[in-house]
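A.B. asks: Submitted below is the structure of interest, expressed as structure tokens.
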Amino acid sequence: MPSGLRSEREISNWDLSTDVCVVGLGAAGAAAAIDARGAGADVVVLERASGGGGTSALSGGVLYLGGGTSLQTACGFEDSEEDMYRYLMASVGAVPDEPKIRRYCEGSVEHFEWVKAQGVPYKETYYEGISGEPPTDDGLVFSGAEQTKPFCEIARPAPRGHVGMHPHQTGPLLMKHLCASTERSGACVEGDHRVTALVVDDDAAVVGVVAEQFGSERTVRARGGVVLTTGGFVLNDEMLRQYIPRALDCKLRVAGDGDDGSGIRLGVAAGAATLHMEKASISLPVTQPWGLKRGVMVNRHGQRFINEDTYYGRLGERALFHEGGRAWLIVDDEVFQEPDYCKEVAAVGESLAELERELSLPPGSLEATLGVYNRHAANGEDPVFEKQGKYLKPLTTPPYGAIDCTTENCLYAAFTLGGLVTDVEARVLDPEGAAIPGLFAAGRSSAGVCAGDYSSGLSLGDATFFGRVAGRLAARGR
């Protein structure tokens with residue numbers, strides 16, 4: 001058998017036997033375990049670290065949810081399932097998974113109530129001016145490109161970033177409550193277990209796993225199924241070189257120690273298909289605070305390539321994948337604010353021509369770009385990229401500066417989006433589209449709702465949502 005796969009015939013005695021085996025205790029794994037237990041199944045969770053949390057505990061803790069959640073309503077915002085659906089279908093990549101997105105939107109309101117029921121607290125206040133976790137304990141933010149063209153014309157904008165009641169990074173808060181809820185559910189959590197193989201029967205159904213603990217091998221029988229929730233592969237340089245070589249240039253890889261693609265490789269060994277392996281979320285938070293959206297971002301040709309008011313994940317994806325990580329945010333003296341994350345100023349000049357020379361841009365390019373931009377901005381217009389009027393201001397007050405947005409000198413935060421192909425029931429599929437019996441996946445081990453062009457909170461949102469789906473279905477198979 002291939003590496004990562006074992007035959008049931010080789011197992012003379014199972015060390016543990018359970019209904020559902022969950023591999024990995026991040027947000028997706030916790031959700032799977034909690035709902036599998038809620039469905040009456042016995043659950044064993046195998047976590048390679050000594051305790052749960054994973055990448056989810058290192059995240060901002062934002063969940064992208066909408067359709068009229070209780071938090072949205074309390075903060076005075078109207079949203080609908082259809083508006084959420086239209087935004088996601090338009091914004092998550094060229095080939096969105098319509099059935100999966102539809103189910104996610106249909107269940108979003110209920111799912112937020114489930115998250116609250118696990119003990120995660122949310123303050124019923126809205127925070128303006130940042131895309132992602134706020135510096136306060138406010139509970140609701142815009143976390144995508146909903147307010148910008150073309151999306152604001154496709155769907156009514158609404159903030160859908162739900163953030164636990166804690167200033168700044170709220171991933172630890174989220175995982176504290178999800179792990180506690182997992183323990184309360186009665187699931188058996190086994191730390192320091194690295195799963196090395198899936199066990200299949202004569203019909204190629206997954207019936208258990210092989211794990212290593214401190215050099216010893218242990219086998220776990222899973223009557224209902226195995227749920228893979230081991231994260232993505234951003235820490236695996238070999239896989240990045242194969243699928244997303246540009247990601248190797250990013251300064252920050254948003255991941256816990258386990259995001260090495262191990263779960264994806266286990267699924268492939270069992271015959272699974274993969275999807276969107278070339279996709280990654282690339283955050284370039286140069287426009288935090290939002291006042292810097294009044295600047296103009298240019299590439300190595302001195303030309304604009306995106307509307308600067310968009311979500312910083314779209315800035316990063318375009319800058320890295322389309323411009324090779326060669327970009328600068330041009331500001332004048334009135335617009336300049338110190339960015340929260342990208343601190344380097346690449347050049348300063350008393351004229352645009354001087355700034356252009358300092359950046360080694362093609363002669364006349366920056367002057368031409370700003371000439372067009374300033375002329376229209378003076379009239380509150382941006383016919384090239386349609387930036388919102390409140391961020392349009394002619395850049396005419398020297399000195400001029402260029403905030404460095406190159407991969408060498410600015411924060412590009414990356415994590416992978418591709419993984420095992422799953423259906424709306426979180427069942428892992430083979431290349432022919434058939435479900436592999438007994439195998440489920442959720443979180444970054446799977447190709448989830450987002451297939452590129454990320455919005456903050458989609459990872460934790462669909463990880464917990466489809467983790468629950470996987471746990472419930474695996475429980476029914478026991």
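A.B. asks: Take region 78-102 and flag every residue that is buried (at least 19 other Cβ atoms within 10 Å of the Cβ) and either in contact with a strand residue (DSSP E or B) (Cβ under 8 Å, 6 or more places away or on another chain) or part of a helix (DSSP H, G or I) (or both).
C.D. replies: 83, 84, 85, 87, 88, 91, 100, 101
A.B. asks: Follow-up question, since we're still on this one. Inside region 116-213, counting only strands (runs of 3 or more DSSP E) that do not spill past its ends, which hold 3 or more residues that are over 25 Å from the mean Cα position of the chain (by Cα) and among the β-branched types (Val, Ile, Thr)?
C.D. replies: 194-200, 206-213
A.B. asks: Search region 5-21 for residues that are surrounded by fewer than 17 Cβ atoms within 10 Å (Cβ to Cβ) and pair each with any residue that is of a type in the set (Gly, Ala, Ser) and at pLDDT 95 or above when their beta-carbon atoms are under 7 Å apart and the residues are at least 6 apart or on different chains.
C.D. replies: Pairs that qualify, where the first residue is surrounded by fewer than 17 Cβ atoms within 10 Å (Cβ to Cβ) and the partner is of a type in the set (Gly, Ala, Ser) and at pLDDT 95 or above, are 14/208.
A.B. asks: Return the only residue of 372, 384, 428 being surrounded by fewer than 24 Cβ atoms within 10 Å (Cβ to Cβ), among the aliphatic types (A, V, I, L, M) and in contact with a helix residue (DSSP H, G or I) (Cβ under 8 Å, 6 or more places away or on another chain).
C.D. replies: 384 is the lone residue from the list that is surrounded by fewer than 24 Cβ atoms within 10 Å (Cβ to Cβ), among the aliphatic types (A, V, I, L, M) and in contact with a helix residue (DSSP H, G or I) (Cβ under 8 Å, 6 or more places away or on another chain).
A.B. asks: Identify, from the list 443, 461, 448, 419, the residue that is over 10 Å from the mean Cα position of the chain (by Cα) and of a type outside the set (S, T, N, Q).
C.D. replies: 419
A.B. asks: Which one of these does residue 361 not meet: (1) in the same structural domain as residue 227 (by TED's automatic domain parsing); (2) crowded, with 18+ Cβ neighbours inside 10 Å; (3) of a type in the set (A, V, I, L, M)?
C.D. replies: The failed condition is (1).
A.B. asks: Where in region 1-73 are the strands (runs of 3 or more DSSP E), entirely inside, with at least 2 residues that are over 25 Å from the mean Cα position of the chain (by Cα) and either β-branched (Val, Ile, Thr) or at positive phi (or both)?
C.D. replies: Ranges flagged: 16-23, 43-46.
A.B. asks: A further question follows. Please pick out the residue among 300, 304 that is touching a residue at least 12 places away in the same chain (Cβ under 8 Å), outside the structural domain of residue 444 (by TED's automatic domain parsing), surrounded by fewer than 19 Cβ atoms within 10 Å (Cβ to Cβ) and among the charged types (D, E, K, R).
C.D. replies: After applying the criteria, what remains is 300.
A.B. asks: Within the set of pairs 6+ apart or on separate chains, which have a first residue in region 160-187 that is crowded, with 24+ Cβ neighbours inside 10 Å, a second that is in a helix (DSSP H, G or I) and basic (Lys, Arg), and C-beta atoms under 7 Å apart?
C.D. replies: Sorted first by the residue in region 160-187, then by its partner, the pairs are 187/37.
For (1) aromatic (Phe, Trp, Tyr); (2) part of a loop (DSSP other than H, G, I, E, B); (3) within 15 Å of residue 295 (Cα to Cα), each residue gets a yes or a no:
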site: 316; (1), (2), (3): no, no, no
site: 333; (1), (2), (3): no, yes, yes
site: 338; (1), (2), (3): no, yes, yes
site: 347; (1), (2), (3): no, no, yes
site: 355; (1), (2), (3): no, no, yes
site: 360; (1), (2), (3): no, yes, no
site: 363; (1), (2), (3): no, yes, no
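A.B. asks: So which pairs qualify, if the first residue must be in region 198-220 and surrounded by fewer than 20 Cβ atoms within 10 Å (Cβ to Cβ), the second must be among the basic types (Lys, Arg) and not in a strand (DSSP E or B), the Cβ gap must be under 8 Å, and the two must be at least 6 apart or on different chains?
C.D. replies: 202/9
The values are calculated or read from the model by the stated rules, or taken from the named source; none is laboratory data. Computed from a predicted structure; not experimentally measured. Reconstructed Cβ throughout: ideal geometry from the backbone, glycine too, with neighbour counts over all protein chains shown.
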